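These notes are about the structure you will find just below.
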């Protein structure tokens with residue numbers, strides 16, 4: 001059972017109590033100080049909370065009062081902006097480090113403020129550290145680090161701050177980092193033979209950014225590796241349509257090569273759809289002037305002694321291919337009365 005409880009943020013500190021702060025920015029802002037849990041509305045008001053968020057985005061680096069004023073009031077500060085800012089910082093200190101004045105994590109420096117990294121455990125910092133660690137490991141060791149990092153990033157950065165432009169800009173940057181980590185997780189899962197997990201990571205990226213060709217590549221290669229050529233072809237077609245519609249371009253060479261492999265794998269399946277793909281590939285080969293090839297067998301069934309189609313006869317090849325395609329369409333389309 002969860003025994004976490006919220007207590008008065010302004011109570012006097014217990015002698016020897018832990019001053020370390022554990023802070024969550026991915027999702028709603030939350031500050032934990034020992035047994036005390038402070039939500040986004042328990043930090044002295046919107047402006048005090050935003051001061052904390054800006055300092056957390058620059059963790060360990062001083063931020064000048066001028067820069068804080070510019071961000072807090074978006075270029076239109078009040079007449080007494082400096083004294084107002086100082087009052088917000090004072091309120092924030094009482095919330096974060098009650099009874100300790102300037103000895104806690106929120107420090108004053110010449111002309112500004114900063115947060116002491118030795119006194120703060122921040123989820124965004126852990127996220128970045130896990131990604132760096134994953135980048136130094138082979139796939140089997142890297143994958144758990146990637147999964148742990150992405151578990152931290154299951155919600156948007158600064159979910160409590162929906163209006164300020166600086167918050168939205170930081171959210172876009174974090175979203176890009178998270179998407180890149182998901183693609184890395186998909187690629188790593190595929191290297192480990194975890195094809196369904198690779199597809200799932202890729203889909204999470206594409207749910208929010210269908211123009212991410214790296215995610216399409218990870219998904220399609222995982223479907224190919226997992227033995228699902230038809231699903232891979234469908235994914236390729238969705239990718240091709242999106243890129244053509246939104247960007248006016250085609251998938252890159254890696255995806256085009258994957259499509260060709262998927263087409264050949266499908267054509268070799270022997271089922272109705274595979275025979276249609278086989279027929280289309282055969283027609284393409286004839287129109288492009290290709291001769292017989294081992295990886296594009298004739299449509300004639302070599303095991304059927306009654307099938308005398310000559311695989312070198314261009315006209316017969318096209319007729320046979322047309323028969324396969326028209327037969328498939330006849331079965332697929334409803335018969336009109």
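Just so you know, all these numbers are worked out from the coordinates, no wet-lab data involved. The shown structure was predicted, so the numbers you read here are calculated from the model rather than taken from an experiment. Please note: Cβ atoms are built from the backbone with ideal geometry, for glycine as well, and neighbour counts cover all protein chains shown.
Summary of computed values
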| read-out | value |
| --- | --- |
| Extension gain (nm, one decimal) between residue 225 and residue 256, 0.36 nm per residue minus Cα-Cα | 9.6 nm |
| Pair residue 151, residue 273: separation of 7 Å Cα→Cβ label points (nm) | 3.6 |
| Potential lengthening between residue 211 and residue 83 on full extension [0.36 nm per residue; Cα-Cα distance subtracted] | 41.4 nm |
| Calculated FRET efficiency for the pair residue 203/residue 140, C-beta based, R₀ 25 Å, to 0.05 | 0.60 |
| Calculated on alpha-carbon atoms, Rg and Dmax of segment 21-122 in Å | 12.8, 39 |
| FRET efficiency, 1/(1 + (r/R0)^6) with R0 25 Å, evaluated for residue 73 and residue 107 via beta carbons | 0.60 |
| Distance between modelled label sites at residue 133 and residue 28, nm, 7 Å Cα→Cβ extension | 2.9 |
